[in-house]
Amino acid sequence: MSMGTVTPLRQRMIEDMNARKLCAGTQRGHIHSCKRFAVFLNRAPDTATTEDIRRFQLHLAEAGVSICNRNRIMTGVRFLFRVTLRRLDLAAEIYHIREPQKIPLVMSPDETRRLLAVASNLKIRTLLSLGYGCGLRASEVVRLKVKHIDSAQKIIRVEQSKGRKAACGTHSMRRTKAAQIYKKTGNLRAVQLLLGHTKLESTVRYLGIEVDDALSISEQVEF
């Protein structure tokens, strides 16, 4: 896979990615990963062997590449072997490393009350209360307008959910609200809906709980 020109192999890979509707950013990342692999090999990736893949993964580890970047690089390389080259034997040699899970910041109910009490003005206190009470993201809170609030039905319409990021101190409060609901009810599905997550696994990671424990509890709760 040449660094400058579009080789037949690279063109085929691009066609495979387009056929699967991978976004432009993902495609650039996959191409870059395969270029890096080709540079390491000093030859075309379609000539790689099982030993080459093992050495490349070892090289990334010894070079101090972060777990996140190692996984990202190998995802691109795996696409090349699994999809474009149909070399499932080589794709099977690629492994991903589980990243250490960070313990999320979750405030106690008392800490939440104290934080709301010391808010400097009504506007900030209202923003924090909305983020906590409704489980909204920071970006969702700062985009709220009067027209989004239906007082009669007691609902808030959230537009462009999870769009542009905004700097606001509601992230921990959103997580706190979700964690308190989960702790009180054990209803993981309800928390998932509150947070607007499409995958249950995202909610599990967000709460910082063990996947097996969370799924076991959720199966016992009707919703």
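Read the figures in this text as sums done on the coordinates, not as results from a lab. Note that the structure is predicted; figures quoted are calculated from it, not measured. Note: ideal-geometry Cβ built from the backbone for every residue, glycine included; neighbour counts use all protein chains shown.
Only sites in a loop by DSSP and with at most 13 other Cβ atoms within 10 Å count here; which trypsin sites (Lys or Arg not before Pro) in the stretch 1-59 make the cut? Present the calculation step by step, with values, prior to reporting the outcome.
Details: sites: Arg10, Arg12, Arg20, Lys21, Arg28, Lys35, Arg36, Arg43, Arg54, Arg55; in loops: Arg20, Lys21, Arg43.
Within the stretch 1-59, the qualifying trypsin sites (Lys or Arg not before Pro) (loop, at most 13 other Cβ atoms within 10 Å) are Arg20, Lys21, Arg43.
Got a sec? How would Ser202, Ser151, Ser33 order by Cβ neighbour count within 10 Å, fewest to most?
Working: Ser202 13, Ser151 8, Ser33 20.
Neighbour counts put them in this order, fewest first: Ser151, Ser202, Ser33.
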